Amino acid sequence: MFAVIKTGGKQYKVAKDDVIVVEKLAGEAGAKVALDEVLLVGGEGDAKVGAPMVAGASVAAEIVEQTRGDKVIIFKKKRRKNHRRKNGHRQDLTVLRITDISAGAKK
């Protein structure tokens with residue numbers, strides 16, 4: 001069974017025991033998280049497609065760790081003006097292990 005979930009403005013296809021890296025979610029390592037924005041559930045017969053979300057479906061996950069992504073360098077320059085700006089950014093990330101996928105109520 002698999003599901004397509006939405007978190008942090010992005011969509012992820014997940015199955016049980018998958019490990020994914022998403023934008024930061026609140027919680028410490030070992031905490032349980034319920035992801036309720038499920039767009040699609042499939043794998044057993046017909047897939048349930050939400051409009052926009054599948055009613056009653058949820059994905060349970062466990063926080064493995066809170067980490068930070070690689071540094072991204074932002075460099076801005078205006079030619080012939082001696083204008084240069086260098087900046088950096090590291091995104092806060094959460095590593096999740098998917099523990100369960102529930103498809104919700106049967107129709």
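The values are calculated or read from the model by the stated rules, or taken from the named source; none is laboratory data. Here the structure is a predicted model, which is why all the values come from computation and not from measurement. Note that each Cβ is placed from the backbone with ideal geometry, even for glycine, and that neighbours are counted across all protein chains shown.
How many residues does segment 80-104 contain that are among the charged types (D, E, K, R), part of a loop (DSSP other than H, G, I, E, B) and farther than 30 Å from Val14 by Cβ? I'd like the intermediate steps shown before the answer.
Within segment 80-104, the first condition is being among the charged types (D, E, K, R), and the residues that meet it are 80-81, 84-86, 90, 92, 97, 100.
Filter once more, so that each one left must be part of a loop (DSSP other than H, G, I, E, B): 80-81, 90.
With the extra rule that they be farther than 30 Å from Val14 by Cβ, the set shrinks to 80-81.
The total comes to 2.
Considering only segment 16-67, state which residues are outside any strand (DSSP E or B) and of a type in the set (Asp, Glu).
At the first step, the residues of segment 16-67 found to be outside any strand (DSSP E or B) are 16-18, 24-31, 36-37, 43-47, 50-57.
Hits for segment 16-67 are Asp17, Asp18, Glu28, Asp36, Glu37, Glu44, Asp46.
Being surrounded by fewer than 14 Cβ atoms within 10 Å (Cβ to Cβ), within 12 Å of Glu62 (Cα to Cα) and of a type outside the set (Gly, Ala, Ser) is the filter here, so list the residues in segment 22-38 that pass it.
If the condition is that a residue be surrounded by fewer than 14 Cβ atoms within 10 Å (Cβ to Cβ), within 12 Å of Glu62 (Cα to Cα) and of a type outside the set (Gly, Ala, Ser), then Glu28, Lys32 are the ones that fit.
Run Ala105 past the list (1) surrounded by fewer than 12 Cβ atoms within 10 Å (Cβ to Cβ); (2) aliphatic (A, V, I, L, M); (3) at pLDDT 95 or above and report the number of the one that doesn't hold.
Condition (3) is where Ala105 drops out.
Give me a count of the residues in segment 8-24 that are closer than 17 Å to Thr67 by Cα and either at pLDDT 95 or above or among the basic types (Lys, Arg) (or both).
Filtering segment 8-24 down to residues closer than 17 Å to Thr67 by Cα leaves 8, 19-24.
Keeping just the survivors that are either at pLDDT 95 or above or among the basic types (Lys, Arg) (or both) gives 19-24.
Final tally of qualifying residues: 6.
Among the numbered criteria (1) touching a residue at least 24 places away in the same chain (Cβ under 8 Å); (2) within 16 Å of the chain's Cα centre (by Cα); (3) surrounded by 12 or more Cβ atoms within 10 Å (Cβ to Cβ), which one does Met53 miss?
For Met53, the failing item is (1).
Only one residue in Val19, Val41 is aliphatic (A, V, I, L, M) and loosely packed, with under 15 Cβ neighbours inside 10 Å. Which one? Lay out the reasoning, then the answer.
Working: Val41 fails: loosely packed, with under 15 Cβ neighbours inside 10 Å.
Criteria check complete, one pass: Val19.
Give Lys6, Lys77, Lys13 a once-over and let me know the one that is buried (at least 16 other Cβ atoms within 10 Å of the Cβ) and either assigned to a strand (DSSP E or B) or in contact with a Ser or Thr (Cβ under 7 Å, 6 or more places away or on another chain) (or both). Quick ask: steps written out before the conclusion?
Details: Lys77 fails: buried (at least 16 other Cβ atoms within 10 Å of the Cβ); Lys13 fails: buried (at least 16 other Cβ atoms within 10 Å of the Cβ).
Going through Lys6, Lys77, Lys13 in turn, the sole match is Lys6.
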